[in-house]
Amino acid sequence: MEQNSNNLNLKDHSVSGENFTLVQNLEYGFLETSPQPSLDKLPDYYKSEDYISHTDTQRNLFEKVYHIIRSISLKKKLKLINSFSFSTNKKLLDIGCGTGDFLQIAQQNNWKVFGIEPNEKARKITNKKTNNAAFETEQLFKFDAESFDVITLWHVLEHLPNLEEHITIIKKLLKPNGTIIIAVPNYKCYDAKYYKSFWAAYDVPRHLWHFNKTSISKLISKVSMKVIKIKPMLYDAFYVSLLSEKYKNGKMNPIKGFWIGFLSNLKAIKSKEASSLIYIIKNS
């Protein structure tokens, strides 16, 4: 992939303390984390109790806010996937299912659910909630083609190495009239511009890629798919800004964090550049 320097230096605030740089991909328009950890070293950057999607703990303000928002978001996510399948044998694949709350609520609402989660601890939590619906990453290559009505990646695509290969596999697993839902941070949003290198949603090096709307469309067009709708994830701006305040100033500042989150959402009404975006994708 052809690249160009973007001159933004970042620090891994949550695990290693190491420094990284963003490099622009000229083919797709997204930003790449550089250097990227090797595949055998990448799991080490997730080994922290502070990595919130792998734990159900609520030890501090940020974690409590995260879980409140997650609870609200689950109902919205369920409503969204229900709008794309009306069959009696509807099947959902959630890639990067974390601790399984989304799979659990979908299963409770008559979906046959499957999850992919590389983290063993998170996978065990999911399997307790869903009667063993979560699998290791290798299972992604073992599912039958055209198996799923809906495939979701909630803040997961940015974590996946071998990006083009994964997109091809995901497309293969989707039924011809199925839907892919991808939610990712949007580095064109106001809170990213405000916090710059302290923007928590860069989350290097766990986030290998940093997307905007153009880059998502170009990426999925490579496998003959297209974005049919883009929706904002308005709650993300608040907890991303809250954590960004901690990275920038060394401590939580709830008032400032919530204010920047509010401003970001306010500006997104006109710009359509929310802190995180949901892309609804169909075969073209």
(request) Evaluate region 269-276: report whether one residue or more is in a strand (DSSP E or B) and either among the basic types (Lys, Arg) or more than 21 Å from the chain's Cα centre (by Cα) (or both). (result) no
(request) Could you list, in sequence order, all residues of region 181-215 that are aromatic (Phe, Trp, Tyr) and crowded, with 19+ Cβ neighbours inside 10 Å? (result) TYR187, TYR190, TYR195, TRP199, TYR202, TRP209, PHE211
(request) Being of a type in the set (S, T, N, Q) and within 15 Å of the chain's Cα centre (by Cα) is the filter here, so list the residues in region 93-118 that pass it. (result) THR99
(message) So in region 77-91, with the set limited to residues that are surrounded by 15 or more Cβ atoms within 10 Å (Cβ to Cβ) and polar (S, T, N, Q), which one is farthest from LYS282 (Cα to Cα)?
(response) ASN82
(message) If I go through region 64-86 residue by residue, how many of them are without any contact (Cβ under 8 Å) to a residue 60 or more places away in the chain and assigned to a helix (DSSP H, G or I)?
(response) 11
(message) Restricting to region 150-168, name every residue that is β-branched (Val, Ile, Thr), part of a helix (DSSP H, G or I) and crowded, with 17+ Cβ neighbours inside 10 Å.
(response) ILE167
(message) Given the criterion out of contact with any strand residue (DSSP E or B) (no Cβ under 8 Å at 6 or more places or on another chain) and hydrophobic (A, V, I, L, M, F, W, C), identify the matching residue among ILE116, ILE125.
(response) ILE125
(request) Would you check which residues across region 87-122 are under 27 Å from LEU39 (Cβ atoms), part of a helix (DSSP H, G or I) and either among the β-branched types (Val, Ile, Thr) or at pLDDT below 95 (or both) and list them? (result) GLU120, LYS121, ALA122
(request) Report, ordered by the first and then the second residue, all pairs with beta carbons closer than 7 Å, sequence separation of six or more or different chains, a first member in region 242-266 that is free of Cβ contacts under 8 Å to residues at least 24 places away in the same chain and within 20 Å of LEU10 (Cα to Cα), and a second member that is part of a helix (DSSP H, G or I) and hydroxyl-bearing (Ser, Thr, Tyr). (result) GLY257/SER241
(request) Scan PHE258, PHE238 and give me the residue that is more than 20 Å from the chain's Cα centre (by Cα) and of a type in the set (A, V, I, L, M, F, W, C). (result) PHE258
(request) Could you list all residues from region 124-148 that are over 22 Å from the mean Cα position of the chain (by Cα) and basic (Lys, Arg)? (result) LYS128, LYS142
(request) Report, by residue number, each residue of region 231-275 that is buried (at least 22 other Cβ atoms within 10 Å of the Cβ) and among the small types (Gly, Ala, Ser). (result) ALA237, SER241, SER244, GLY257, GLY261, SER264, ALA274, SER275
(request) Only residues that are exposed (fewer than 15 other Cβ atoms within 10 Å of the Cβ) and at pLDDT 90 or above: list them for region 44-70, please. (result) ASP44
(message) Given the condition touching a residue at least 40 places away in the same chain (Cβ under 8 Å) and assigned to a strand (DSSP E or B), answer yes or no: does some residue in region 199-221 qualify?
(response) yes
(message) Exactly one of these conditions fails for LYS129: (1) at pLDDT 95 or above; (2) in a loop (DSSP other than H, G, I, E, B); (3) of a type outside the set (S, T, N, Q); (4) buried (at least 16 other Cβ atoms within 10 Å of the Cβ). Give me its number.
(response) (2)
(request) Can you tell me which residue among ASN186, ASN162, ASN177 is closer than 24 Å to VAL23 by Cβ and either touching a residue at least 24 places away in the same chain (Cβ under 8 Å) or in contact with a strand residue (DSSP E or B) (Cβ under 9 Å, 6 or more places away or on another chain) (or both)? (result) ASN186
(request) For VAL240, state whether it is more than 12 Å from ILE182 (Cβ to Cβ) and hydrophobic (A, V, I, L, M, F, W, C). (result) yes
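The values are calculated or read from the model by the stated rules, or taken from the named source; none is laboratory data. From a predicted model like this one, the values you see are computed outputs, not experimental measurements. We place every Cβ from the backbone using ideal geometry, glycine too, and count neighbours over all the protein chains shown.
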